[in-house]
């Protein structure tokens, strides 16, 4: 956590760097994650809850990892993936964190980043930073500060450019969710919910919501959501109270066995088994 904050302070003035904190704890909820964001001052970069494990799996993050650092380069490839920030032991970068050298290498290889080559007016530098962080609510507030001033046409042009890019990305994401619904209905449902939350006033929201309602009727999605609800209601309260192996074996294990009989075949059920095994190993 502190490493992420230090990196943010180091690179926040660089263009085209996005920071995302991902909570993969299967016992976490949006409410508990929001409290952690406030407690550890994880603003203004984005934070997301990945209790289902889809994002962690995509970036090869072990389910039991308390902290994992992943860096993607401008081409979408993984440039660094490890449990912590390892340092170079010798050579020209001796003593420097490997992930920092990989990040700096990526910045040189992909100087246009996610915003592109559009010139940024000085007054819009904070807005551009929020765009890089994908913090669109903060971005909109910043855009409105300057775009209406007649003496700053460059700011108005920049605001139009940014909003156009956001609209294009929304459209692309909507199409991705629609395509995903045919092959991965569970993940498509979760993406649809995330889209509606991230873009409450978007013109695409209605159709994405409708897709979400359609997916909610499918057996696969129904079973996954039942698995998640059962875990939160039955196992999570006991896991939070279990600090010894004896209590785990007497209380949690029977509950887990019953849970897996009903939901072991689901994606969420598989994640629950891994999480419970990790918890059992910790209380030995």
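The values are calculated or read from the model by the stated rules, or taken from the named source; none is laboratory data. Source: prediction; values computed, not measured. Neighbour counts run over all protein chains shown; Cβ positions are idealised from the backbone, glycine included.
Structural remarks
- Residue match in segment 67-86 (condition: closer than 30 Å to residue 227 by Cα and modelled with pLDDT under 75): no
- Restricting the first member to segment 195-224 and to residues that are free of Cβ contacts under 8 Å to residues at least 12 places away in the same chain, and the second to residues that are outside any helix (DSSP H, G or I), the beta-carbon pairs closer than 7 Å and six or more apart or on different chains are 205/199.
- Failed item, numbered, when residue 203 is tested on (1) under 27 Å from residue 42 (Cα atoms); (2) over 20 Å from the mean Cα position of the chain (by Cα); (3) outside any helix (DSSP H, G or I): (1)
- With respect to (1) assigned by TED's automatic domain parsing to the domain that holds residue 56; (2) over 26 Å from residue 170 (Cα atoms), the lone exception for residue 70 is condition (2).
- Within segment 240-262, residues that are under 14 Å from residue 283 (Cβ atoms) and assigned by TED's automatic domain parsing to the domain that holds residue 274 sit with their Cβ atoms under 7 Å from residues that are surrounded by fewer than 17 Cβ atoms within 10 Å (Cβ to Cβ) and modelled with pLDDT of 95 or more, at 6+ positions apart or across chains, in these pairs: 242/251.
- Across segment 20-49, the qualifying residues are those that are in contact with a helix residue (DSSP H, G or I) (Cβ under 6 Å, 6 or more places away or on another chain) and modelled with pLDDT under 75, and the one among them that is nearest to residue 138 (Cα to Cα) is 24.
- Any chance residue 234 is under 14 Å from residue 25 (Cα atoms), touching a residue at least 24 places away in the same chain (Cβ under 8 Å) and in a helix (DSSP H, G or I): no
- Candidates 210, 228, 184, 220 - the one that is closer than 21 Å to residue 47 by Cβ and out of contact with any strand residue (DSSP E or B) (no Cβ under 8 Å at 6 or more places or on another chain): 228
- Residue count, segment 120-150 (criterion: in contact (Cβ under 8 Å) with a residue 60 or more places away in the chain and exposed (fewer than 13 other Cβ atoms within 10 Å of the Cβ)): 0
- Condition met for residue 248 (surrounded by 20 or more Cβ atoms within 10 Å (Cβ to Cβ) and either within 25 Å of the chain's Cα centre (by Cα) or in a loop (DSSP other than H, G, I, E, B) (or both)): no
- Of all residues making up segment 12-28, the number that are closer than 20 Å to residue 127 by Cα and part of a loop (DSSP other than H, G, I, E, B): 8
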